[in-house]
C-alpha cells in the first residue's frame, strides 16, 4: 500500500542551504548563533549570501511587492556590526528597503570591529595552508571564477587589528551610513510616512514585538518543517530616543553577535569571584613584558579550541599574529622554496579538508584527535628533514619570548577541538621543537589532559589573574590562568535571549558546521 505525499508548498524553492542554515523561525534569520565558522569574513559572507539569495528567489524587492504589497520594508536588520552592515550594504546595492537598528548610540560599525584588543583579522589569513592565504582583500579576486559583485569590500594588504578594520570600513562606507542615519533623525514623527532605508541608533525592539517574534519560534514542529513564509510577521515596534514607530517587514535578520564567553573552569563550575579573566575581544596584558608581571610567569590555558591555541601562541612567540609567525619560519628563501615545505603544506591542506568535511557530517569530536596525530606526523617529518629541519627549528627558537617561564595547555579530552589549521599546526610544531630543546631561556610548553577539579585563589583581593588548579596530577599554581571554554548557550546569556527569543536549539548545530565559501558564489 503506497502513501500519497502531498504536493510541495509554493515556497519550497526557498529551502536552499543558505536560507535553511540561517532560519530560526518563519521569516526570521540569525547570522551568528550556534555557528561553527565565526570569523569576521564568515559573518560577512553569510550576510551577503542571505540577501542575494532572498533577492534572486523573489522573496524581497519588486517581485515580492507585486505578490505581497503590505510590508513597508523588506528587512529589519538587528545589529550594525560586520554582519549587519554587510547585509544592509548588500540590500542597498540590490535596491531593497530596510531598517538597520543597533542598541549602540555611537557612530560607525559596531561589534568586535570596535575592539581595542591586539588581535588581528584578515579575509584570508586562515585559508592557510592553501595558496590564497596571502590575499587579504575581500572578496578574493579571481580570473577563474570572475569578480564577485558585493557591496562591502575590504582592500587589505596584510592582517590588521580589528579596530583598524572597523576604521577602514567606516571610512569606506561613511556616505552610505550617514545617509541612512540622517533619514532616521525624525524617527517617531507621526506625520512622516517612512519608505526609505534608514539606520536607527540607540534603538530597541519593544517587548510586545519580542513576544510576538518569540511565539513564532515556539512551534512543536521543527523549524525545518515550517516553510519560510509559513506566517507573516506582525507589525514590529522600534523605539529610539523615547519615540516609537511600527512597521511591517518581510523578514527579520538578527546580526547581533555572539553570546558571552563562559566564565567556568569546568562544566557547571564557576570561577572564583576574585578571579578576573580577560575576554577574547577584551584588552589583556599578554603583549606587555612578562605578560604584565614583575617576573617570568607560569601560564595555564584552559580550552581546546582556536581561542586557546591563539593565546598559547601569543604567550610564547614574538609575532604579531600566526601568519606572521609562519612567514618568519619560512623567511629563508631556500626553506620557503623547498620540496619539504611544499609537501608539508599539501599534506596539511588535505588532512584539514577531510576533517572539515567529516565534521559537517558527524557529531563525533574524535576526528579532531586524528587530525592532531596527522599534523604531528607532518611536523615530525619536517623537523627530521636534513634539508630544512634545522632551519625550521632555529626559526621557531628565534621567535620565542624570554619573559615567559612556561605555558600549560589543559584540555579535557587530550586533543584540540575545532581550530584553524594554521594555529593547530604552529602549536604542535612549537611543542615538538621545545620538547627537543634544552632548558634555558626558552619557555616551556606542556599539554595536560583531564578535568580541572577545583580552582582557588589566594585571599580575597579582587581582579586576580591566577590561582591554584586541582588537576588529575595534583594541585598546581599559575601566575596567569586564561579560560577559553567557548560561548554560553543557556537562556540567560545566549544571543536569542538578548532579543527576547528562546534559547531552544533549533537544530542548526549540524547546518552550522557547513564550511562557507570564501566569498558569495556568483548567482
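Sort through 418, 381, 377 and tell me the only one that's closer than 30 Å to residue 454 by Cα and either touching a residue at least 60 places away in the same chain (Cβ under 8 Å) or surrounded by fewer than 21 Cβ atoms within 10 Å (Cβ to Cβ) (or both). Spell out the reasoning first.
Working: 381 fails: closer than 30 Å to residue 454 by Cα; 377 fails: closer than 30 Å to residue 454 by Cα.
Only one candidate qualifies: 418.
For the range 319-339, taking the residues that are touching a residue at least 60 places away in the same chain (Cβ under 8 Å) and part of a helix (DSSP H, G or I), the one that is farthest from the chain's Cα centre (by Cα) is identified as 335. Counting only strands (runs of 3 or more DSSP E) that sit completely within the range 25-110, those holding 2 or more residues that are within 28 Å of residue 359 (Cβ to Cβ) and touching a residue at least 40 places away in the same chain (Cβ under 8 Å) correspond to 28-30. Applying the criterion of at least 2 residues that are under 15 Å from residue 312 (Cα atoms) and at pLDDT 95 or above to the helices (runs of 4 or more DSSP H) found wholly in the range 406-523 leaves 421-435.
Kindly indicate the residue of the range 149-172 that is assigned to a loop (DSSP other than H, G, I, E, B) and surrounded by fewer than 21 Cβ atoms within 10 Å (Cβ to Cβ) and also modelled with the lowest pLDDT among those meeting that condition. So that I can check it myself, show each step before the final result.
Keep residues of the range 149-172 that are assigned to a loop (DSSP other than H, G, I, E, B), which gives 149-153, 155-159.
If we keep only those that are surrounded by fewer than 21 Cβ atoms within 10 Å (Cβ to Cβ) as well, we get 149, 151, 153, 155-158.
Values: 149: 82, 151: 92, 153: 90, 155: 88, 156: 90, 157: 91, 158: 93.
Checking each candidate, the answer is 149.
Within the set 296, 342, the sole residue that is assigned to a helix (DSSP H, G or I) and surrounded by fewer than 22 Cβ atoms within 10 Å (Cβ to Cβ) turns out to be 342.
Counted as qualifying within the range 177-267 are the strands (runs of 3 or more DSSP E) with 1 or more residues that are surrounded by 17 or more Cβ atoms within 10 Å (Cβ to Cβ) and in contact with a helix residue (DSSP H, G or I) (Cβ under 6 Å, 6 or more places away or on another chain), namely 198-200, 236-240, 249-254. From 311, 284, which residue is touching a residue at least 12 places away in the same chain (Cβ under 8 Å), crowded, with 18+ Cβ neighbours inside 10 Å and assigned to a loop (DSSP other than H, G, I, E, B)? Only one candidate passes the filter, namely 284. State yes or no: is residue 478 surrounded by 18 or more Cβ atoms within 10 Å (Cβ to Cβ), out of contact with any strand residue (DSSP E or B) (no Cβ under 6 Å at 6 or more places or on another chain), assigned by TED's automatic domain parsing to the domain that holds residue 364 and in contact (Cβ under 8 Å) with a residue 40 or more places away in the chain? No; evaluated as a whole, the condition is false for this residue. Scan the range 58-73 for residues that are over 21 Å from residue 101 (Cα atoms), more than 30 Å from the chain's Cα centre (by Cα) and surrounded by 13 or more Cβ atoms within 10 Å (Cβ to Cβ) and the total you get is 4.
Can residue 409 be described as in contact with a strand residue (DSSP E or B) (Cβ under 6 Å, 6 or more places away or on another chain) and either in the same structural domain as residue 274 (by TED's automatic domain parsing) or surrounded by fewer than 20 Cβ atoms within 10 Å (Cβ to Cβ) (or both)? Show your work before the answer.
Details: in contact with a strand residue (DSSP E or B) (Cβ under 6 Å, 6 or more places away or on another chain): yes; either in the same structural domain as residue 274 (by TED's automatic domain parsing) or surrounded by fewer than 20 Cβ atoms within 10 Å (Cβ to Cβ) (or both): yes.
Against the criterion (in contact with a strand residue (DSSP E or B) (Cβ under 6 Å, 6 or more places away or on another chain) and either in the same structural domain as residue 274 (by TED's automatic domain parsing) or surrounded by fewer than 20 Cβ atoms within 10 Å (Cβ to Cβ) (or both)), residue 409 qualifies.
Beta carbons closer than 6 Å, at least 6 apart along the sequence or on distinct chains, pair a first residue in the range 341-363 that is over 30 Å from residue 391 (Cα atoms) with a second that is assigned to a helix (DSSP H, G or I) and modelled with pLDDT of 85 or more for 358/367.
The values are calculated or read from the model by the stated rules, or taken from the named source; none is laboratory data. Quick caveat: nothing in here was measured; it's all calculated off a predicted structure. As a convention, Cβ positions derive from the backbone with ideal geometry for all residues, glycine included, and neighbour counts pool all protein chains shown.
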